[in-house]
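Input: a single structure, listed below in structure tokens.
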There are 2 protein chains.
Amino acid sequence: MRFTTETSFDGVTERLFTLGEVPGVLWTPGDAVGGRPLVLIGHGGGQHKKAPDVVALARRLVGELGYAVASVDVPSHGDRPTEEKYARIAAENQARVEAGEELGPLIAGFQALVARQTVPEWRGVLDALQGVDHVGAGPVGYWGVSLGCGLGVPFVAAETRVRAAVLGLGGALAAAEDAARITVPVEFLLQWDDERVPRAQGLALFEALASREKTLHANPGRHGEVPEFELDSTLRFFARHLR
Amino acid sequence: MRFTTETSFDGVTERLFTLGEVPGVLWTPGDAVGGRPLVLIGHGGGQHKKAPDVVALARRLVGELGYAVASVDVPSHGDRPTEEKYARIAAENQARVEAGEELGPLIAGFQALVARQTVPEWRGVLDALQGVDHVGAGPVGYWGVSLGCGLGVPFVAAETRVRAAVLGLGGALAAAEDAARITVPVEFLLQWDDERVPRAQGLALFEALASREKTLHANPGRHGEVPEFELDSTLRFFARHLR
């Protein structure tokens, strides 16, 4: 893990890093000493490790709870080069949709393919971050919606170090089998009028989670319109579970 | 409104009252001076104004937020006499269920009938409470699940003084038309494995609410197993909306 630039603003230190081909960012309190809980954030499709919603959540987790937060670019996103194989599949899917095929199962298959790359990448990043002085091997949480849910469900299912996860804006087609292996507490966000994920698919993914404690938060509005107060709820959820 | 006994415990003053034939209870901070937000709590079926979950919620609203809280007995519950007409209908419904009729629509019809009595009763109680010195005409909230939802939906729909409501464990059969007249913020509790309210009916009632801000909190478990952390969420919801 190679750290490059470091900046500080408003009590939060931001450090860019690369681990192999994976570019990432680590946020910690400016005065951090010793270990602390770590939350990994998975960004949305077409977004990147420093997308506005990622940064807003990270700054609150660091500023209000004193956590460490990290996010990395998904392949073909942010500072990573476009990967030929994914671009080719995306183009093929586009053509299949235009020919009348359903979008949902195609997205699901695509996310499952990408997850075969991101799950080991993210586990490697977690290994490395837990070796950083003021992160350490404390409790780990995961936050990811939309693409961050599609890739997050297989990650959380595979990674026993993750003790609690906020997921959502995703459907059962993408991830039901992996969801059935998740047993940690989950807060699941669903947009009641989601134009990309059919409501029944979102409810089915919540249903598929094997967690004894899981809580569905559904709000009116479209895919991108999760209300601001859910951010408060996310903070309280992690505060409750990452002691 | 006639106040009878008054007791104080742990900073909370509890005063029993009657208004006409309606027995109720008012909780306020021990040191209350001047007006404050008021939350009305509707108890569940077979319960009463001082059922354990009612008291627990009331004590937290008073102790942590400084609110006034009131609850009254529903007809044929608590300190009220059994009403012949309701007892007769309940017995008839029981017989119809045994003869193979569906329970849901029968309960819905029954709650609608009782609501014709409780809506004006509760509005009268609200009138009277707003005349009490250390309650006053501040913002009003409503909390009620199960029977407290079935009777609460028509109450909140009719009563413009109610600015925010926590509802749930109820279905659309009972209350969809009234729900479509509710426009204030609602936090709606649904138990994923509710043995009394079919999941689809609960989701349909949430759907029917006309509120621009409404948030569904669904958790695993049966009708009576709403998790403890939803109480925290209820407090934050009222704190956000009853300023």
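Data for the structure
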| quantity | calculated |
| --- | --- |
| Exam field: residue B:222 pseudo-label spacings to other copies (7 Å along Cα-Cβ), nanometres | 4.4 |
| Rg [Å, one decimal], Dmax [Å, integer] - chain A, C-alpha atoms | 17.2, 57 |
| Degrees separating the helix A:229-241 axis from the principal Cα axis of chain A, which is the longest one | 60 degrees |
| Summed buried accessible surface, chains A and B, 1.4 Å probe, nearest 100 Å² | 1600 Å² |
| Loop-resident sites, the range B:186-241, for trypsin sites (Lys or Arg not before Pro), counting at most 12 other Cβ within 10 Å (DSSP) | B:212, B:222 |
| q = 0.14 Å⁻¹, the range A:87-218: log10 I(q)/I(0) [Debye, one scatterer per Cα] | -0.63 |
| Assigned charges on the beta-carbon of Lys, Arg, Asp, Glu; chain B dipole about Cα centre (debye) | 620 debye |
| FRET efficiency, 1/(1 + (r/R0)^6) with R0 41 Å, evaluated for residue B:232 and residue A:116 via beta carbons | 0.60 |
| Share antiparallel - DSSP beta bridges, the protein assembly as shown, percent rounded to 5 | 45 percent |
| Percent of C-alpha pairs per 10 Å bin, the range B:108-157, short to long | 24, 49, 23, 4 |
| Stokes-Einstein translational diffusion, the range A:173-243 - Kirkwood Rh over all Cα pairs, 0.890 mPa s, 25 °C, in µm²/s | 191 µm²/s |
| Label distances, nm, residue B:104 versus same residue in remaining copies, Cβ-directed 7 Å point | 2.1 |
| Relative contact order of chain B, pairs being alpha-carbon contacts under 8 Å that are 6 or more residues apart, as % | 17 percent |
| At 7 Å out from Cα toward Cβ: residue A:6 inter-copy label distances (nm, ascending) | 6.3 |
| Per-selection Rg to Rh, the range B:54-108 - Cα, Kirkwood hydrodynamic radius | 1.23 |
| More than 43 Å apart - percent of Cα-Cα pairs taken over the protein assembly as shown | 26 percent |
| Rg ratio (alpha-carbon, reference 2.2 N^0.38 Å) - the range A:113-190 | 1.07 |
| Computed over the range A:19-82, the ratio Rg/Rh where both radii use C-alpha atoms and Rh is Kirkwood | 1.01 |
| Nearest 10 degrees, 0 to 90: helix B:199-208 Cα axis against chain B principal axis | 60 degrees |
| Spatial extent of the range B:159-203: Rg and Dmax, with the Cα atoms as the point set, Å | 11.2, 34 |
| Cα gyration tensor shape of the range A:12-143, rounded if a/c is under 1.5, else prolate or oblate by comparing a/b with b/c | prolate |
| Proximal aspartates and glutamates relative to residue A:49, as straight alpha-carbon distance under 15 Å, when same-chain residues fewer than 8 apart are discounted | A:14, A:21, A:73, A:79, A:121 |
| Environment charge at residue B:75 (Cβ cut-off 12 Å; Lys +1, Arg +1, Asp -1, Glu -1) | -3 |
| Accessible surface of the range B:134-207 [probe 1.4 Å, protein heavy atoms]: carbon and sulfur percent | 53 percent |
| Counting DSSP beta bridges with both ends in the range A:2-241, the antiparallel % (nearest 5) | 40 percent |
| Set of lysines with alpha-carbon distance to residue A:214 below 26 Å, sequence-local pairs under 8 removed | B:214 |
| Angle in degrees between helix B:103-129 and the longest Cα principal axis of chain B, rounded to the nearest 10 | 20 degrees |
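The values are calculated or read from the model by the stated rules, or taken from the named source; none is laboratory data. Computed from a predicted model, the values in this text were never measured in an experiment. Reconstructed Cβ throughout: ideal geometry from the backbone, glycine too, with neighbour counts over all protein chains shown. Each accessible area value is taken on the protein alone, full model and side chains, heavy atoms only, with ligands, DNA and RNA left out. Shrake-Rupley method; radii C 1.70, N 1.55, O 1.52, S 1.80 Å.
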